[in-house]
Amino acid sequence: MPKITSGPASHVYFSQRLRLHYVDWGNEGAPPMLLVHGGRDHCRNWDWVAEAFRDEYHIIAPDLRGHGDSQWSMGGSYTMPEYVYDIAQLVDQKNMAPVTILSHSLGGMISLQYAGLYPGSVKSLVAIEGLGASPAMMAKNAGKSIDVRLDDWARELRKMSGRAPRRYPSLEDAFRRMQDENPHLSEEQARHLTVHGANQNEDGTYSWKFDTYVRIFRPYGLSGDEVRHLWSRITCPTLLIRGTESWASDPEEDGRLAPFQNASVANIEGAGHWAHHDRLDVFLDLVRGHLAK
């Protein structure tokens, strides 16, 4: 595992009046690389990957709205188009296009839709389990009418409004929760992710930085056909990565690879949902091979 040396510099940019945070690993003048994290995560989860590529690329890793050190959205609005717009703003403001993107989970969903919306702005793309729910999972909700889905959403919002962020007595307790969430993590990884992913409250306890409202699934947005249409517009080489011990299904087997023009699938043995943490060495080898194309 690459040893993390000097860290990145913190900066902010603005999107829809939100103050959003990102870190810059330096090396300006090198080809730009954007690292986009997943849900309830933060930009510093990419530190080991950034260390591996910082000498070859100018790396920028944002905190998504409602995550990390970025501002929470007033009203708890976290829709896919807003996430995509935020990334488009960052790429435009930092003049990063055409950019190489490495992404994970929610970040993969965002990056794939961004690449479909602005295909000329992305040079190469890697998405770890970024296709969203599998067809089998989607089928479970397919029969619900819009009134039922909206009512479920309203009930979830009311429930969430009374839910305070969980408080841990110490950073050590938060660290143990991090380990429970992903048993593949080494102690070093879990402590690093915890230190950068938690804030200390006024009473001395610790809470995760993300807004609890990011947990809520919205009953509106792009349809499955519309998302597949965006995937079909992606022109850059695309690598879809999956951990064989994850809940995610194989996109080649379930048919989700079909809309892509220029995509391949790689399954990483011994990895769960966080393949870039669980098998960093294998992940880096796959990415390097993909970027060499």
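Take Glu82 and tell me if it is more than 29 Å from Glu181 (Cα to Cα) and of a type in the set (D, E, K, R). It is false that Glu82 is more than 29 Å from Glu181 (Cα to Cα) and of a type in the set (D, E, K, R). Counting only strands (runs of 3 or more DSSP E) wholly contained in segment 1-112, the ones carrying 1 or more residues that are under 12 Å from the mean Cα position of the chain (by Cα) occupy 32-36, 58-62, 99-104. Only one entry of Ala30, Ala61, Ala97, Ala9 meets the criterion of being in contact with a Leu (Cβ under 8 Å, 6 or more places away or on another chain) and at pLDDT 95 or above, and that entry is Ala61.
Of the residues making up segment 22-63, just one is of a type in the set (S, T, N, Q) and closer than 16 Å to Ser103 by Cβ, namely Asn45. Residues that are within 19 Å of Thr79 (Cα to Cα) and among the charged types (D, E, K, R) within segment 120-146 comprise just one, Glu129. Taken over segment 240-293, the criterion of being surrounded by fewer than 22 Cβ atoms within 10 Å (Cβ to Cβ), touching a Pro at 6+ places or on another chain (Cβ under 6 Å) and touching a residue at least 40 places away in the same chain (Cβ under 8 Å) is satisfied by Asp254, Lys293. Within segment 227-248, the only residue that satisfies the criterion of being within 11 Å of Gly108 (Cβ to Cβ) and among the charged types (D, E, K, R) is Arg242.
Annotation: Ala154 fulfils all but one of (1) exposed (fewer than 13 other Cβ atoms within 10 Å of the Cβ); (2) in a helix (DSSP H, G or I); (3) touching a residue at least 24 places away in the same chain (Cβ under 8 Å); the unmet one is (3). From the list Gly68, Gly39, the one residue that fits, being surrounded by fewer than 23 Cβ atoms within 10 Å (Cβ to Cβ), within 17 Å of Phe210 (Cβ to Cβ) and in contact with a helix residue (DSSP H, G or I) (Cβ under 6 Å, 6 or more places away or on another chain), is Gly39. Restricting Leu185, Leu125 to those that are in contact with a His (Cβ under 7 Å, 6 or more places away or on another chain) and not in a helix (DSSP H, G or I) reduces the list to Leu185.
The values are calculated or read from the model by the stated rules, or taken from the named source; none is laboratory data. Quantities reported herein were computed from a predicted structural model and do not represent experimental measurements. Glycine also receives a Cβ, built like all others from the backbone with ideal geometry; neighbour counts cover every protein chain displayed.
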